[in-house]
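The structure appears right after this line, and notes come after that.
The values are calculated or read from the model by the stated rules, or taken from the named source; none is laboratory data. Remember, it's a predicted structure, so these values are computed and weren't measured experimentally. Here Cβ is always computed from backbone atoms with ideal geometry, including for glycine, and neighbour counts include all displayed protein chains.
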Amino acid sequence: MPRILLLAVFAFLSVASLSAQKYGHLNFAILISEMPGTKAAEAELDAYNNQLVAQGEKMVADLKTRVQEIEAQREELAPVKLRELQAELTAERDRIVQYEQQMGVDVERKRQELLGPIIKQARDAVKAVAQEGGYQLIFDTSRFNTVLYGQDSDDIMPLVKAKLGI
């Protein structure tokens, strides 16, 4: 009988502790969009992106002009000279492709530079609210399956790997 009573008390305390867990959610994208400084950062990022795009468009326009010039002289050029010019055009096209790839990297770096501090400030605020409110997890409803805050917990990966024999 004492064993049953002890088990009942333990089960009641376990259920009570489970029901005391608090979870929250918010749309992190909307929070960021409403923060001071976001509009200015996005405007600066757009201007930077437009500047890079304009430079890329100029490179493409220059290449098109060069192709048209060579096409106009095609009949007059020696085959060796024509191959040299085609190699130059291919190299220029490759530089444009490389520029486009680098442009994506540069825009992302600028995004992190401008929006990174704003995102950090928002994350810190979410963490503070979660800790003050006793929340176990805070979910971001703007993205599928995203946890913005989780209470410190044990990493059970080694235990699971041991169980699986990994």
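Of note:
- Qualifying residue in the stretch 150-165 (condition: under 26 Å from Met35 (Cβ atoms) and at pLDDT below 95): yes
- Hits in the stretch 10-48 - residues which are in a loop (DSSP other than H, G, I, E, B) and modelled with pLDDT of 85 or more: Asn27, Met35, Pro36, Gly37
- Pairs, first on the phi < 0 side of the Ramachandran plot in the stretch 56-85, second of a type in the set (Ser, Thr, Tyr) and modelled with pLDDT of 95 or more, C-beta under 9 Å, six or more apart: Gly56/Tyr99; Met59/Tyr99
- Of all residue pairs spaced 6 or more apart or on separate chains, those with beta-carbon atoms under 9 Å, a first member in the stretch 137-149 that is under 16 Å from Lys22 (Cβ atoms) and a second member that is in a loop (DSSP other than H, G, I, E, B) are Leu137/Gln21; Leu137/Gln151; Phe139/Asn145.
- Those residues of the stretch 53-92 which are over 30 Å from Asp106 (Cβ atoms) and either among the hydrophobic types (A, V, I, L, M, F, W, C) or in contact with a Gly (Cβ under 8 Å, 6 or more places away or on another chain) (or both), in sequence order: Ile70, Ala72, Leu77, Ala78, Val80, Leu82, Leu85
- Residue in the stretch 99-108 that is of a type in the set (A, V, I, L, M), in contact with a Gly (Cβ under 8 Å, 6 or more places away or on another chain), over 29 Å from Ala41 (Cα atoms) and touching a residue at least 24 places away in the same chain (Cβ under 8 Å) present: no
- Any chance Glu113 is free of Cβ contacts under 8 Å to residues at least 40 places away in the same chain and under 26 Å from Gln51 (Cβ atoms): yes
- Condition met for Leu7 (of a type outside the set (Ser, Thr, Tyr), modelled with pLDDT under 90 and in a helix (DSSP H, G or I)): yes
- Selection count where residues are under 16 Å from Ile30 (Cα atoms) and surrounded by 15 or more Cβ atoms within 10 Å (Cβ to Cβ), scope the stretch 111-122: 4
- Residues (more than 33 Å from the chain's Cα centre (by Cα) and surrounded by fewer than 15 Cβ atoms within 10 Å (Cβ to Cβ)) located in the stretch 51-70: Asp62, Lys64, Thr65, Arg66, Gln68, Glu69
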